[in-house]
Amino acid sequence: MIEIVSALLPPVVVGGAFIAGIVWLVRSEGRARQAERARRKAGSGPE
């Protein structure tokens, strides 16, 4: 049983790191888009 767990551990760690990287990328893109919308909204005030 320990052989199976030790064989599966590296792919699980790599997969977890990959998923964490994707989540980080998606969240940073969302923050960038939100900041861009805020800049556009602030720049288009009443004239």
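Using just the helices of the chain, give the 222 nm mean residue ellipticity in deg cm²/dmol: DSSP H runs with n ≥ 4 each add -39,500 (n - 2.57), and the total is spread over all residues, rounded to 500.
The helix-only estimate for the chain comes to -33000 deg cm²/dmol at 222 nm.
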Size of the dipole of the chain about the Cα centre, Lys and Arg at +1 and Asp and Glu at -1 on the beta carbon, nothing else charged, in debye to 20?
420
Whole angstrom only: what separates the Cα centroid of segment 28-43 from the Cα centroid of segment 8-26?
28
Taking Cα atoms, how many degrees apart are the long axis of helix 2-43 and the longest axis of the chain, rounded to 10 and kept between 0 and 90?
0
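Quick note: the coordinates plus some simple rules give every number you see, no bench work behind them. Being a predicted model, the structure only gives us computed values, none of them experimental. In this analysis, Cβ positions are derived from the backbone assuming ideal geometry, glycine residues included, and neighbour counts consider all displayed protein chains.
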